[in-house]
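Heads up: the structure comes next, in structure tokens.
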Amino acid sequence: MERIVARAVAIADAEGLSALSMRRVAADLGSGTASLYRYVASRDELLDLMIDAVRGEEEPPALTGDWRADLTAVARRLRADLLRHPWLGSELTGRPTLGPHSLRHADVALGAATALTPDITLAAHVVDTVLAYVFGSVAGELAEAQAQRRTGLTEDQWRASVGPYIREVIASGAYPLFARRVTEAEDPTPDQRFEFGLACVLDGVAARVHSGGRVAAGPDSPPRQ
């Protein structure tokens, strides 16, 4: 079973989930597809096993009781997993996986949040908010990597290719703030962008919790009695 899952992860890492099939895994392992079904019932089951396997590559961070430090560690660990396995994010944002490694990570994340608030509902929303930020941030990083593969240009090469057009845009004076960003703003690294955004999210959830806030009702939700 471990060989099957490891081969499936390797295929997905190298070529994406579109290349993953029971037939492909069987061929790579030198066995028949029917033989594979004796161990794994379906591609969906294989995906669940893959997700739990990659989530088990690193132990969840140890909780310290400092909610901010612990949620930061949870976010960084998830980011590392998503960057190491680019297919993982789309799977984790759907139905939750319930394998033992995934459940341990979920439990640690909730443990970090309950140090901020004992209200488990609010703690769960805090975790969801932090994880949503991580998924969105990493999606941008992966999109840049995908663009490099598609175009064959590194980010520096792409910037050089659009340089003449950008200089025309700046010279036109039509977009003064964009021009200031290009000519004056510092260019942070992906790590710096991630850390800045994460700090903003943690500041926000702390302010919300400390103000006694609860999750706001949606526009179609009935008023609370």
ask   = Which condition does Glu141 not pass, out of (1) open to solvent by 50 Å² or more (accessible area, probe 1.4 Å); (2) under 18 Å from the mean Cα position of the chain (by Cα); (3) not aromatic (Phe, Trp, Tyr), if it passes all the others?
value = (1)
remark   = Of those in the range 91-106 that are out of contact with any Leu (no Cβ under 9 Å at 6 or more places or on another chain) and over 19 Å from Arg79 (Cβ atoms), the residue surrounded by the most Cβ atoms within 10 Å (Cβ to Cβ) is Leu103
query = Under 8 Å by Cβ, and 6 or more places apart or on different chains, what pairs join a residue from the range 8-24 that is within 16 Å of Ser42 (Cα to Cα) with one that is in a helix (DSSP H, G or I) and among the basic types (Lys, Arg)?
reply = Leu20/Arg43; Ser21/Arg43; Met22/Arg43
request  = Kindly establish whether Ala34 is at pLDDT 95 or above and assigned to a helix (DSSP H, G or I).
outcome  = no
Flag for Phe178 being within 30 Å of Asp119 (Cβ to Cβ) and without any contact (Cβ under 8 Å) to a residue 40 or more places away in the chain = no
inquiry  = I'd like the residue in the range 54-74 that is of a type in the set (Gly, Ala, Ser) and surrounded by fewer than 18 Cβ atoms within 10 Å (Cβ to Cβ) and, out of all such residues, is farthest from the chain's Cα centre (by Cα).
reply    = Gly65
query = List, please: which pairs have Cβ atoms under 6 Å, are six or more places apart or on different chains, and start with a residue in the range 133-159 that is within 19 Å of Phe196 (Cα to Cα) and end with one that is of a type in the set (A, V, I, L, M)?
reply = Tyr133/Val201; Val134/Ala75; Val134/Leu78; Val138/Leu82
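The values are calculated or read from the model by the stated rules, or taken from the named source; none is laboratory data. From a predicted model like this one, the values you see are computed outputs, not experimental measurements. Quick reminder, even Gly has a Cβ in these numbers, built from the backbone with ideal geometry, and neighbours come from all protein chains shown. We work out accessible area using only protein heavy atoms, side chains counted, and drop any ligands, DNA or RNA first. Shrake-Rupley method; radii C 1.70, N 1.55, O 1.52, S 1.80 Å.
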